[in-house]
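One structure is given below, encoded as structure tokens.
The values are calculated or read from the model by the stated rules, or taken from the named source; none is laboratory data. Everything quoted here is computed from the prediction, not taken from an experiment. Reconstructed Cβ throughout: ideal geometry from the backbone, glycine too, with neighbour counts over all protein chains shown.
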Amino acid sequence: NAGVTQTPKFRVLKTGQSMTLLCAQDMNHEYMYWYRQDPGMGLRLIHYSVGEGTTAKGEVPDGYNVSRLKKQNFLLGLESAAPSQTSVYFCASSPSAGGYGYTFGSGTRLTVV
Amino acid sequence: AQSVTQLGSHVSVSEGALVLLRCNYSSSVPPYLFWYVQYPNQGLQLLLKYTSAATLVKGINGFEAEFKKSETSFHLTKPSAHMSDAAEYFCAVSERSNDYKLSFGAGTTVTVRA
């Protein structure tokens, strides 16, 4: 049981380039989330999805887009990368809302130069 | 709006000593509360959670946390630190008013001295 898988694990982009981060879960979870982690700031929610075909903005959505065409996949896109988007990105999933907690992927370390 | 505050960004303990990590939340209604651990270059792993059952919650690796409504706290403890406990720890809250999305504290890094 792989849980939540993120690809790629590392990436270096030049300012203005675009890329897509892939998150895949094999637990049949309805809810999926994208967070970014920056030193001293904990994790901040970028976008989330409460089911296939749905997306919603989180705390820091600017500069990112997402899609959930299949239940098991949640894609995070950067259309025009900026140095401020240098961060570690985590995907997570949960069965539903409530006290379940999340299952996290191992993260993608993105550097924008 | 919900928020969670972790007191102390760094904690250093001796091997075998008590580990105490502090977490306070601000919510008018007791939320769901979680502690996660993050080892270097890894994702977050759930240590334990409070979901309105017992106020003293036991988790993995010998950790436990006590929910205190009067103090709006959910402090994490471990009686005897081990070298393998060196990691970053995050407190998180979720409540109905925010559709149960997790909000995380800033994290506390634990170092263990031999």
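Report whether or not A:Gly53 is more than 13 Å from chain B (Cβ to nearest Cβ) and in contact with a helix residue (DSSP H, G or I) (Cβ under 7 Å, 6 or more places away or on another chain).
no
Any residue in segment A:26-45 that's under 20 Å from A:Ser67 (Cα atoms) and among the polar types (S, T, N, Q): show its pairings with residues that are modelled with pLDDT of 95 or more and not in a strand (DSSP E or B) at Cβ separation under 9 Å, as long as the two are six or more apart or on different chains.
A:Asn28/A:Lys71; A:Asn28/A:Gln72
Between B:Gln45, B:Gln38, B:Gln6, which is within 28 Å of A:His47 (Cα to Cα) and surrounded by fewer than 17 Cβ atoms within 10 Å (Cβ to Cβ)? If you could, list the steps in order and put the result at the bottom.
Working: B:Gln38 fails: surrounded by fewer than 17 Cβ atoms within 10 Å (Cβ to Cβ); B:Gln6 fails: surrounded by fewer than 17 Cβ atoms within 10 Å (Cβ to Cβ).
Within the list B:Gln45, B:Gln38, B:Gln6, the selection yields B:Gln45.
Answer yes if at least one residue in segment B:72-86 is surrounded by 16 or more Cβ atoms within 10 Å (Cβ to Cβ), touching a strand residue (DSSP E or B) at 6+ places or on another chain (Cβ under 7 Å), within 10 Å of chain A (Cβ to nearest Cβ) and of a type in the set (A, V, I, L, M, F, W, C), and no otherwise.
Checked segment B:72-86: no residue is surrounded by 16 or more Cβ atoms within 10 Å (Cβ to Cβ), touching a strand residue (DSSP E or B) at 6+ places or on another chain (Cβ under 7 Å), within 10 Å of chain A (Cβ to nearest Cβ) and of a type in the set (A, V, I, L, M, F, W, C).
What number of residues within segment B:80-114 are under 19 Å from B:Phe34 (Cα atoms), of a type outside the set (D, E, K, R) and touching a helix residue (DSSP H, G or I) at 6+ places or on another chain (Cβ under 8 Å)?
Total satisfying the criteria: 1.
Could you figure out which of (1) within 11 Å of chain A (Cβ to nearest Cβ); (2) over 25 Å from A:Val88 (Cα atoms) isn't true of B:Cys91?
Result: B:Cys91 fails condition (2) only.
How many residues are out of contact with any strand residue (DSSP E or B) (no Cβ under 9 Å at 6 or more places or on another chain) and small (Gly, Ala, Ser) when one looks only at segment B:87-108?
Count: 1.
Of the residues in segment B:48-71, how many are away from chain A (no Cβ under 13 Å) and surrounded by 21 or more Cβ atoms within 10 Å (Cβ to Cβ)?
Final tally of qualifying residues: 1.
Quickly run through segment A:47-61 and pick out the residues that are touching a Phe, Trp or Tyr at 6+ places or on another chain (Cβ under 8 Å) and without any contact (Cβ under 8 Å) to a residue 40 or more places away in the chain.
Within segment A:47-61, the subset touching a Phe, Trp or Tyr at 6+ places or on another chain (Cβ under 8 Å) is A:47-51, A:55-56, A:58.
Listed by number, the residues that qualify are A:His47, A:Tyr48, A:Ser49, A:Gly51, A:Thr55, A:Ala56, A:Gly58.
If you check every pair at least six apart or on different chains, which have Cβ atoms under 6 Å apart with a residue in segment A:90-106 that is within 7 Å of chain B (Cβ to nearest Cβ) first and a residue that is of a type in the set (Val, Ile, Thr) second?
Final answer for the pair search is A:Gly99/B:Thr51; A:Gly105/A:Val4.
Need at least 1 residues that are of a type in the set (S, T, N, Q) per element, so show me which strands (runs of 3 or more DSSP E) inside segment B:9-114 make the cut, counting only ones lying wholly within it.
B:10-14, B:19-26, B:32-38, B:44-50, B:73-78, B:87-94, B:108-113
Among (1) farther than 30 Å from B:His10 by Cβ; (2) crowded, with 20+ Cβ neighbours inside 10 Å; (3) within 14 Å of another protein chain (Cβ to nearest Cβ), which single condition is A:Val66 missing?
That leaves (3) as the condition not met.
Please go through segment B:96-114 and pick out each residue that is buried (at least 20 other Cβ atoms within 10 Å of the Cβ) and closer than 19 Å to A:Val60 by Cα.
B:Lys101, B:Leu102, B:Ser103, B:Phe104, B:Gly105, B:Gly107
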